[in-house]
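The structure under discussion appears below in the form of structure tokens.
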Amino acid sequence: MKIIHKPTFSQQLKQIIEYIAQDKPSASMNFKNKLKENINLIPNNPYQYEQSQYFDNKNIRNMTFKKYTIVYRVRPIKQEIEILRIFKQNKPPQQ
């Protein structure tokens, strides 16, 4: 399956990386690299994470990474994983 980063996710991730880098630039790069590693594992078992409570769609899932939730959509017919959003846990995504 192909992984596609949607623009909203990319923008949110950039903001998170910039925020982390203010205190410790090396930590921001480590965060980004580890997150990328975890995202790249999703196609191996795309339904391993829970269905998102924010959307009424069984193909939209939530992956937890450090204190963040990554929302992604499985598109089985297109053989794609769309990475939709990333946000701090306990802070629901803005629509």
Suppose every K and R has +1 on its Cβ and every D and E has -1 on its Cβ; what is the size of the dipole of the chain about the Cα centre, in Debye to the nearest 20?
-> 60
Would you mind getting me the FRET efficiency between E18 and L41? Use the beta-carbon distance for r and R0 = 25 Å, nearest 0.05.
-> 0.50
Relative to the chain, whose Cα atoms define the longest principal axis, helix 25-41 and its Cα axis are tilted in degrees, nearest 10, by 10
Using only Cα atoms, find the angle between the long axis of helix 7-23 and the longest principal axis of the chain, and express it within 0 to 90 degrees, rounded to the nearest 10.
-> 30
Take the Cβ-Cβ distance between Q48 and S26 as r, set R0 to 30 Å, and report the resulting FRET efficiency rounded to the nearest 0.05.
-> 0.50
Which order results if S10, S28, S52 are arranged by neighbouring Cβ count within 10 Å, fewest first?
-> S10, S28, S52
Highest-fluctuation residue, I42, I60, I77 considered, GNM on the chain with Cα pairs under 10 Å | I77
Which of the chymotrypsin sites (Phe, Trp or Tyr not before Pro) across the chain are loop residues per DSSP, with 15 or fewer other Cβ within 10 Å?
-> Y47
Select from segment 19-61 those trypsin sites (Lys or Arg not before Pro) which occupy a DSSP coil region and have at most 13 other Cβ atoms within 10 Å, ordered by residue number.
-> K58
For the chain, what D do you get in µm² per second when you plug the Kirkwood radius from alpha-carbon pairs into Stokes-Einstein at 4 °C and 1.567 mPa s?
-> 95
Going by how many other Cβ atoms sit within 10 Å of their own, how do M63, M1 line up, fewest first?
-> M1, M63
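Throughout, read-outs are computed from the coordinates displayed, never taken from laboratory work. A quick note: this is a predicted structure, and the numbers were derived from the prediction, not measured. All Cβ positions, glycine included, derive from the backbone under ideal geometry; neighbour counts span all protein chains shown.
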